[in-house]
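Everything on this sheet refers to the single structure shown next.
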Amino acid sequence: MIQGKWFSPGDDLTSVLSVRESVLGFGADSLDPESWNVLVYEDSVPAATGRIWWRDGSFWLGDIAVLESRRGRHLGDLVLRLLLYKAQDHSAREVRLRCPRTLTGFFSRLGLQEESSQESDPVEMMIPGDQIDLDTCSRCPKKNCPNRQPRIIASSALPIFTAKSAILLPADRTPFVVRIFSTRQAVTAVISAAVLNGMR
């Protein structure tokens, strides 16, 4: 089961820092007091994290990390989508990040583009806020893909309806919970769950 939790500036970041330290090799820093962090759990184990902050007129994303033992399950993609959703929800004019050149393909799949054609490393990437599109299907050339069909997804924790709109009906403000049957469905459902759980 996949669970996600937002940590606002000033929250206890112990679980976030355990993933960050394990993957990126550093812990708390000067950005933490001004950042929103998201932590994704897989089977109740902290598995992936990332953060977003506001600086100089832009939202910045950074420090997206997935534990090595949890890679290959699209958790990094989920963290990126949650961070972009947070920026979109706050009417971002633009979203920026810096990343090693080897990771530009990962970020470009969701529309971030290199700022300059120079061969610098790290690379600065940006997407205008009005161009953020979290619907993977909108860029997919497949016409008869089963992921485009609205389907009912069952979850023992929260009722979820169509994969495309992924409406959750939580009883309280608990972290959003989604049982994965398809990664693309789970990503959409988790993003919608974050909205309806009031994690803004």
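For the range 122-131, putting each phi into the Karplus relation 6.51 cos²θ - 1.76 cosθ + 1.60 with θ = phi - 60° gives couplings of x, 9, 9, 10, 8, 9, x, x, 6, 10 Hz, in residue order, rounded to whole numbers and with x for Gly and Pro. Would you compute the Debye intensity of the range 56-135 from its alpha-carbon atoms alone, equal scatterers and no solvent, and pass along log10 I(q)/I(0) at q = 0.11, 0.25 Å⁻¹ to two decimals? Ignoring solvent entirely, the Cα scatterers give -0.28, -1.28.
How big, in percent, is the set of alpha carbon pairs in the range 34-75 lying more than 17 Å apart?
That fraction is 37 percent.
Scalar couplings 3J(HN,Hα) for the range 29-41, obtained by applying the Karplus form with A = 6.51, B = -1.76, C = 1.60 to θ = phi - 60°, are 8, 5, 7, 4, x, 10, 10, 9, 10, 10, 10, 9, 9 Hz; x denotes Gly and Pro. For Gly4, the residues whose amide H sits under 5 Å from its own are Tyr41, Phe176, ignoring neighbours fewer than 5 places away on the same chain, with H placed 1.01 Å from N. For the range 1-139, the mean projected area of the C-alpha convex hull, equal to one quarter of the hull surface, is 8.7 nm².
Here is the size of the range 12-58 from its Cα atoms: Rg then Dmax, 11.4, 38 Å. Arranged from fewest to most other beta-carbon atoms within 10 Å of their beta carbon, Leu97, Leu110 become Leu110, Leu97. Cβ crowding within 10 Å, taken as a proxy for footprinting-reagent exposure, orders Val23, Val40 from fewest neighbours to most as Val23, Val40. Neighbour counts of other Cβ atoms within 10 Å put Lys5, Lys142, Lys86 in the fewest-to-most order Lys142, Lys5, Lys86.
All of the numbers you see were taken from the coordinates with simple rules; none came from a lab. As the structure is a prediction and not an experimental result, all values here were calculated from the model. Cβ atoms come from the backbone with ideal geometry, glycine included; neighbour counts cover every protein chain shown.
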